[in-house]
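A.B. asks: Sending over a structure as structure tokens; questions will come in a sec.
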Amino acid sequence: MEAVDFESPDRRARFEKGLTTALPQPAWMRVWAVESPDSRFVAHLDLTGSSIPSEKHRASLGIGVEESFYRRGLGRRLMQGAIEFATRNEIEWIDLSVFTDNHAAIGLYQSLGFEEVGRRNDRFRISGRSVDDLTMTLRIKS
């Protein structure tokens, strides 16, 4: 996998624009983070609305937790907050992708009601290893 330049001016501008875009306008974004006692971000979640206006009833979710903070409930709390946010803002679906070998994350998503809706075999090659990608979705009850 190629490294992503998180500091590029274009990427930063898109990120900042998404954060200031009102819902349900296309390409909105909201981010939540957990800070450690020593002021480092150790977990984050982002919800992003599609840039396609006809998909404004859906959001894509990305989440990450630093390995040394696994199994502390941070991911679950972030996910629950995102689901509550989606419910309040009339978002009907949350979609996400996860590596098929990330069993802990898949278990978390399933426990929150996410269902598998697709799989892309050999989506990534990481250190010479083939990694499948699982697509999951949650229908928000309004």
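FYI, it's all coordinate maths here, none of it is from the lab. If you're wondering where the values come from, they're calculated on a predicted model, not measured in any experiment. We place every Cβ from the backbone using ideal geometry, glycine too, and count neighbours over all the protein chains shown.
A.B. asks: I'd like to know which of Gly75, Pro9, Ser60 lies farthest towards the positive end of the charge dipole of region 9-139, counting +1 on Cβ of Lys and Arg and -1 on Cβ of Asp and Glu.
C.D. replies: So the residue we want is Pro9.
A.B. asks: While we're here: Please report the spacing between the Cα centers of region 125-142 and region 64-109 in Å, no decimals.
C.D. replies: A separation of 12 Å, based on Cα centres.
A.B. asks: Roughly how many debye, to the nearest 20, is the charge dipole of region 33-142 about its Cα centre, given +1 on each Lys and Arg Cβ, -1 on each Asp and Glu Cβ, and no other charges?
C.D. replies: Working: 15 positive and 16 negative charges, 22 e Å.
It works out to roughly 100 debye.
A.B. asks: What stretch of the chain, leaving out the sites themselves, is the longest with no trypsin sites (Lys or Arg not before Pro) in a DSSP loop having at most 12 other Cβ atoms within 10 Å?
C.D. replies: Values: sites that count: Arg40, Arg71, Lys141.
It runs 72-140.
A.B. asks: Further question: Between Thr87 and Gln25, what's the calculated FRET efficiency when r is the beta-carbon distance and R0 is 22 Å? Round to 0.05.
C.D. replies: On the way: r = 19 Å, r/R0 = 0.87.
E between Thr87 and Gln25, to the nearest 0.05, is 0.70.
A.B. asks: Subtracting the Cα-Cα distance from 0.36 nm times the residue separation, let me have the gained length for Ala104 to Glu35 in nm, one decimal. Before the final figure, lay out each step's value.
C.D. replies: Details: separation 69, 0.36 × 69 = 24.84 nm, distance 2.17 nm.
That works out to 22.7 nm of additional length.
A.B. asks: Can you name the helices of the chain, as whole DSSP H runs, whose Cα span along the helix axis is 15 Å or more and whose Kyte-Doolittle mean is not below -1.0? Numbers along the way, then the final one.
C.D. replies: On the way: long enough: 9-20 (17 Å, -1.56); 74-88 (21 Å, -0.11).
Span-like helices here: 74-88.
A.B. asks: Figure the gain on full extension for Ser97 and Thr135 (residue separation times 0.36 nm, minus the Cα-Cα span) and round it to one decimal in nm. Can you show the working numbers first?
C.D. replies: Details: separation 38, 0.36 × 38 = 13.68 nm, distance 0.45 nm.
Net length gain for the segment: 13.2 nm.
A.B. asks: Considering only DSSP states other than H, G, I, E and B, which chymotrypsin sites (Phe, Trp or Tyr not before Pro) in region 48-104 qualify as loop sites with at most 16 other Cβ atoms within 10 Å? Walk me through the numbers before you get to the answer.
C.D. replies: Details: sites: Phe69, Tyr70, Phe85, Trp93, Phe99; in loops: Tyr70.
Of the chymotrypsin sites (Phe, Trp or Tyr not before Pro), the ones in loops of region 48-104 whose Cβ has at most 16 other Cβ atoms within 10 Å are Tyr70.
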